[in-house]
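Take a look at the structure set out below.
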Amino acid sequence: MARIGVAFSGGLTPSEIVECVKLAEGLGYESAWVAEGHGGDQFAVLAACAQATRRIELGTSISSVFVRSAPTIAMAAATVDELSEGRFILGLGSSHRVQVEPEHGIAFVQPTARLRETIAIVRALLRDGAVSHAGEAIRIERFDLWFRPLRADMPIYVSALFPAMLEIAGELANGVLMTWPTLDSVGRAVRHVAIGARRAGRADARVDVGSLLPCVVAPTVEAARDAMRPAVGFYAGFFPRYNRLLADAGFGDAVRGIKDAFDRGGRDAAAAAVPDKLIDAVALAGTAEMCRERIQAYRAAGLTLPIVSPRASGPDAKTAAFAAIRACAP
């Protein structure tokens, strides 16, 4: 059976996510991933999913190394891992300055060092039950777990979009998590992950290359594109990192126009500025058959773990998410 995951990043209630994950498990999905942002506590949602399922792997996509301390991340990961009987995957990333500072009141400093050190702290705490750390970005006198983790070692995936972080993922992680990828950017990611793995003396085949694939399934491609347009507009208009990502993918003029529209008129204006070609290049938007064909194209480009990410919101969000999950099932 072909590998495929599913991910959720807002628009659904926690209980609806649990329902979606149960459906995905029944249809043969390998893994289910939960973001956080403003969409509910990811570890709590995944704990509920752990109790409602038996086989599907469960991961964070991603957990920010800024909004939780490294020991708290390790403790939460060990908790869900035990509740799921060893099915947990910890996805980590730096998040974004435009979220971390104004929304959480935390200084966004030394993100790469903080990510590296968080990975080291999590692994040490799971392995040894206690950790002390004096690093460039994090200092911990001592933290000890008052329970024994189910696994002393669990998979850690790293969110990465650009060459430097992709190579760090290849060096340190079990896998990489991308988002909004083009077919070309998947190929580049595979190459940079391999560079990092070789630099660390690892076999690059050990590093899973996964990506969230934003998805809308509709009766017509026009309807699917229109439903996807607000998400592309928001990501390109609000997040500097995603604006750069899409510009580097060959859509510089388009994302400049989207950013200008966002700054002048907000989300609706940004959505109206999103061209069809950009949607087609970075998302699954179309009929069920079109979305399945696009997933195959991503696999051919080198993506080892496609992760369908339904873009669902409003009163019919669960229906839309169910439609995407069913349409893209293995």
Out of A223, A231, A197, A203, I need the residue that is in contact with a strand residue (DSSP E or B) (Cβ under 7 Å, 6 or more places away or on another chain) and of a type in the set (A, V, I, L, M). Which one?
A231
Which is in contact with a helix residue (DSSP H, G or I) (Cβ under 8 Å, 6 or more places away or on another chain), under 28 Å from F147 (Cβ atoms) and either buried (at least 23 other Cβ atoms within 10 Å of the Cβ) or assigned by TED's automatic domain parsing to the domain that holds V207 (or both), of L23, L115, L12, L27?
L115
Listed residues L125, L90; which is within 25 Å of R142 (Cβ to Cβ), outside any helix (DSSP H, G or I) and in the same structural domain as M154 (by TED's automatic domain parsing)?
L90
State yes or no: is T287 β-branched (V, I, T), over 27 Å from A160 (Cβ atoms) and at pLDDT 95 or above?
yes
Please count how many residues of segment 51-70 are buried (at least 22 other Cβ atoms within 10 Å of the Cβ) and within 24 Å of E141 (Cβ to Cβ).
5
Which members of segment 179-204 meet the condition of being farther than 30 Å from R311 by Cα and either buried (at least 21 other Cβ atoms within 10 Å of the Cβ) or in the same structural domain as R244 (by TED's automatic domain parsing) (or both)?
G196, A197
Does segment 28-42 include one or more residues that are assigned to a helix (DSSP H, G or I), within 17 Å of the chain's Cα centre (by Cα) and in contact (Cβ under 8 Å) with a residue 40 or more places away in the chain?
no
Checking the conditions here, which among G86, G105 is touching a residue at least 60 places away in the same chain (Cβ under 8 Å), at positive phi and out of contact with any Pro (no Cβ under 9 Å at 6 or more places or on another chain)?
G86
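Okay, residues lined up against (1) within 18 Å of the chain's Cα centre (by Cα); (2) within 23 Å of V209 (Cβ to Cβ); (3) assigned by TED's automatic domain parsing to the domain that holds R206; (4) at pLDDT 95 or above:
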residue: I258; (1), (2), (3), (4): no, no, no, yes
residue: G265; (1), (2), (3), (4): no, no, no, yes
residue: A270; (1), (2), (3), (4): no, no, no, yes
residue: V274; (1), (2), (3), (4): no, no, no, yes
residue: V282; (1), (2), (3), (4): yes, yes, no, yes
residue: Q296; (1), (2), (3), (4): no, yes, yes, yes
residue: P310; (1), (2), (3), (4): yes, yes, yes, yes
For segment 135-208, which fully contained strands (runs of 3 or more DSSP E) count at least 2 residues that are of a type in the set (A, V, I, L, M, F, W, C) and over 22 Å from H96 (Cα atoms)?
139-144
Do you know which residues across segment 100-122 are among the aliphatic types (A, V, I, L, M) and in a helix (DSSP H, G or I)?
V100, A113, L115, I119, A120, I121, V122
Mind telling me which of the residues R244, R292, R326 ends up being in a helix (DSSP H, G or I) and over 21 Å from G26 (Cβ atoms)?
R244
Scan segment 218-241 for residues that are under 21 Å from G286 (Cα atoms) and either among the charged types (D, E, K, R) or outside any helix (DSSP H, G or I) (or both) and report the count.
7
Search segment 295-319 for residues being assigned to a helix (DSSP H, G or I) and touching a strand residue (DSSP E or B) at 6+ places or on another chain (Cβ under 6 Å), and hand back the single one that is farthest from G175 (Cα to Cα).
I295
What is the number of the single condition among (1) over 17 Å from the mean Cα position of the chain (by Cα); (2) assigned to a helix (DSSP H, G or I); (3) not acidic (D, E) that I73 does not meet?
(1)
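The values are calculated or read from the model by the stated rules, or taken from the named source; none is laboratory data. Fair warning: this is a prediction, and the values are worked out from it, not measured in the lab. Positions of Cβ are generated from backbone atoms using ideal geometry, with glycine treated the same way; all protein chains shown enter the neighbour counts.
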